[in-house]
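To keep things clear, I will list the structure first and then write my remarks on it.
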Amino acid sequence: MSDRRDFQRLKLAKPLLAMLDGHNALILDIGVGGAFIEHYGRLQPGAKTRLTFRWQAADVEFVCVTTRSSIIREESKVVSQTALRFTEGIGDASPRLKEMMATFVGQILAAQKANATANNDERSDELLEKIGAARRGRTNARVMYRFDGKSWSRAFTRSADQPPDGFTVAAYEDEEELDTLCRAYELADIAGREMIRVIAELSARSVKDK
């Protein structure tokens with residue numbers, strides 16, 4: 001199975017305590033489409049499970065399917081790391097997850113800005129705080145931007161998936177802001193480009209598919 005993800009996950013500096021089918025687990029990475037967790041026991045690819053965690057004093061729960069899992073320790077208990085895809089949000093889980101992701105990314109950007117040199121473009125940081133924020137979509141379209149190392153190509157798409165050589169956003173995002181985002185992507189390192197894709201996916205998945 002390919003390791004390429006069709007959604008972006010944000011690597012957490014501090015793991016998030018969760019419950020996997022009522023048993024303790026740690027969320028190591030999380031995105032709007034799924035999570036990467038550490039837990040006791042084994043899970044087979046395709047296995048269905050429920051993941052619950054707390055955000056702002058409320059439970060956030062998703063029905064998930066296992067995409068891959070591997071045992072990392074086998075002592076008195078088996079410990080595994082597992083990639084989960086969210087298939088159904090319980091109640092308001094999906095909007096609460098997007099709010100949590102936006103908060104985490106905002107904190108990272110604020111820390112980056114605090115450590116930035118005078119040569120860094122603050123407008124890029126401000127722009128990333130806007131992209132993916134809660135907005136009312138005026139269209140159900142998305143736009144995929146791809147960079148070949150010299151120039152950009154742009155195409156409409158129905159998918160919220162993020163390409164490895166660019167990003168996908170909602171078509172209602174401001175053109176001037178997206179031009180600035182392209183420049184920021186060109187200058188970013190690998191980690192910076194991954195952060196841009198995380199933010200872009202928040203925007204892309206805000207579009208309501210018909």
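Could you grab the relative contact order for the stretch 10-91? Cα pairs under 8 Å, six or more apart, rounded to a whole percent. Let's see the in-between values first.
Details: 196 pairs, mean separation 22.2, N = 82.
Normalised by residue count, the contact order of the stretch 10-91 is 27 percent.
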| request: Could you calculate the FRET efficiency of residue 177 with residue 56 from 1/(1 + (r/R0)^6), where r is the beta carbon distance between them and R0 is 30 Å, rounded to 0.05? | output: 0.60
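If we sort 182-188, 73-79, 87-93, 33-39 on the protection proxy, mean other Cβ atoms within 10 Å, highest first, what's the order?
On the way: 182-188: 15.3, 73-79: 10.0, 87-93: 13.7, 33-39: 22.6.
For the peptides 182-188, 73-79, 87-93, 33-39, the packing ranking is 33-39, 182-188, 87-93, 73-79.
Values quoted throughout were computed directly from the atomic coordinates according to the rules given, and no laboratory measurement underlies them. These numbers were taken from a predicted model, which means no experiment stands behind them. Don't worry about glycine lacking a Cβ; one is built from the backbone with ideal geometry, like all the others, and counts go over all protein chains shown.
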